[in-house]
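**Q** Pasting a structure here, questions to come.
Read the figures in this text as sums done on the coordinates, not as results from a lab. Everything numeric here is computed off the predicted structure, so don't read it as measured data. Using ideal geometry, Cβ is built from the backbone for each residue, glycine included, and neighbour counts are taken over all protein chains shown.
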Amino acid sequence: MPRFIRILLPLILCPWFLRADDVPVTHAETAPVFTLYFENDFFGGTDRHYTNGVKFSWLTRDLASWAPEGWRKNFVDALPFVNRPDAQKDLGFAFGQNMYTPQDRDRVVPDPTDRPYAGWSYLELSFLSKTETLLDTLSLQAGMVGPHSYAGDVQRAVHRWTGNARPNGWEYQLKDEPGVNIVYERKWRLYARALSDTLGADFIPHAGASLGNIQTYANAGGTLRLGFNLPSDFGVQLIRPGGAGSTPIDDLDPRVSPHKNWSFFIFGAADGRAVARDIFLDGNTWRDGPHVNKEPLVADLSWGAGLIAGRWQLTFTQVQRTKEFKTERESSDKFGSVTLSRAF
């Protein structure tokens, strides 16, 4: 049995062996949350493929109504999945940039069997609807792949400032192409229990899909957390479509609780994707250019820890990703993710 399946199975089966009574929930006291995401393969001891990601995200507090009366409210009310009348509702706004490079960055002309150079800069608008046990996220990403993503300029500048070798092949990156992704993801907080006065655990499976010229796939997975004064939310997020995070569900969350203002927890997670399109591997949609043959099934295994002090939360995640294309030399890639957020 593959290693990632052996790790994923306990996450899937865990709720069937645990009691599933509801956690007492007090009056909701939600707060807007700003989050800075930073991901880099430096934390995995490598320098290849998905090499860097940065994202700035803002989630609003619970909105009693999506928008003022008129066409804006009518538009948002017509969106699927996110308009249950009993749910809290948040809007999310984000800006991000991802960069991808081959394994051998010294070659002036990149190896055609290696991953192409590519950058992706985008804006993201998200609509979130959540209860104590269910989170629906509907996101729209719009941005640019290619030289006008400015990912190559950023990497060359950072390598120059840090004294690292200059990456030589950005002149052969994917061509400019506007990109759009429409992403939906549902999360269930199936198990959330206080094991003592402060120690608790929860299990948060998810499933979703992305549709667009950038990435088209279906995905599913889950997160298991254990710690002290667990936050009342839907877990740690990576930089990925639909990974909009969430604000506190209620005033049991240590970021807004009047009684407990700290937390420490550890977690393990898995996510599997059935990939129909990935522009960073398949190449430009309407133009010829560099590309490789992608793997149709990709899995991420991750583990890490989080710390909350007052309104601040800091998390670190170590991620191991299976092969993404047929001619990839290694069996997996590693990278780390750091998030710093503040509830207001």
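**Q** What base-10 log of the normalised intensity I(q)/I(0) is obtained for the chain from the Debye formula, alpha carbons as equal point scatterers, at q = 0.12, 0.15 Å⁻¹?
**A** Scattering profile of the chain, log10 relative to I(0): -0.87, -1.30.
**Q** If you don't mind, another one. Per 5 Å bin, what percent of the C-alpha pairs of the stretch 284-344 does each bin hold, from zero upward?
**A** 4, 14, 16, 13, 13, 12, 10, 8, 6, 2, 0
**Q** Here is a further query. With a ≥ b ≥ c the root eigenvalues of the C-alpha gyration tensor of the stretch 193-344, is it rounded (a/c under 1.5), prolate (a/b larger than b/c) or oblate?
**A** prolate
**Q** May I pose another question? Calculate for the chain the 222 nm mean residue ellipticity that helices alone would give, adding -39,500 (n - 2.57) per DSSP H run of length 4 or more and normalising by residue count, nearest 500 deg cm²/dmol.
**A** Helix contribution divided over all residues of the chain: -2500 deg cm²/dmol.
**Q** While we're looking at this one, here's another question. Need one word for the stretch 232-286: rounded, prolate or oblate. Basis is the Cα gyration tensor (sqrt eigenvalues a ≥ b ≥ c); a/c below 1.5 gives rounded, then a/b vs b/c decides. Walk me through the numbers before you get to the answer.
**A** Values: a/c = 4.39, a/b = 2.95, b/c = 1.49.
It comes out prolate by the Cα gyration axes.
**Q** Then there's this: For HIS291, HIS159, which order do you get if you count the other beta carbons within 10 Å of each Cβ and list the fewest first?
**A** Least to most surrounded, the residues fall as HIS159, HIS291.
**Q** Can you give the net charge of the other residues whose Cβ lies under 11 Å from the Cβ of GLY336, counting K and R as +1 and D and E as -1? The partial results should precede the final answer.
**A** Details: positive: LYS334; negative: GLU39, ASP41.
Here the count lands on -1.
**Q** Using every pair of alpha-carbon atoms in the stretch 58-209, split the distances into 10 Å bins beginning at 0 and state the percent of pairs per bin, rounded to integers.
**A** Final binned percentages: 10, 26, 23, 20, 17, 4, 0.
**Q** Identify all lysines with a Cα-Cα distance to LYS73 below 26 Å; exclude those on the same chain that are fewer than 8 residues away in sequence.
**A** Of all the lysines, those that pass the test against LYS73 - Cα under 26 Å, at least 8 places apart if same chain - are LYS89, LYS130, LYS187.
**Q** Taking K and R as +1 and D and E as -1, what net charge do the other residues with C-beta under 9 Å from the C-beta of LEU238 add up to?
**A** It works out to a net charge of -2.
**Q** If you don't mind, there's one more thing I want to ask. Whole number please: convex hull volume per residue, Cα atoms of the stretch 137-241, in Å³.
**A** On the way: hull volume 14.9 nm³, N = 105.
Once divided by residue count, the hull of the stretch 137-241 is 142 Å³.
**Q** Under the classification rounded if a/c is under 1.5, otherwise prolate if a/b is larger than b/c and oblate if not, where does the stretch 161-202 fall, given a ≥ b ≥ c as square roots of the Cα gyration tensor eigenvalues? Can you show the working numbers first?
**A** Numbers: a/c = 7.22, a/b = 1.98, b/c = 3.64.
Oblate, because a/c is 1.5 or more while a/b does not exceed b/c.
**Q** Hey, another quick one. How large are Rg and Dmax for the stretch 94-149 when only the alpha carbon atoms are used, in Å?
**A** In order Rg, Dmax, the Cα atoms of the stretch 94-149 give 17.1, 53 Å.
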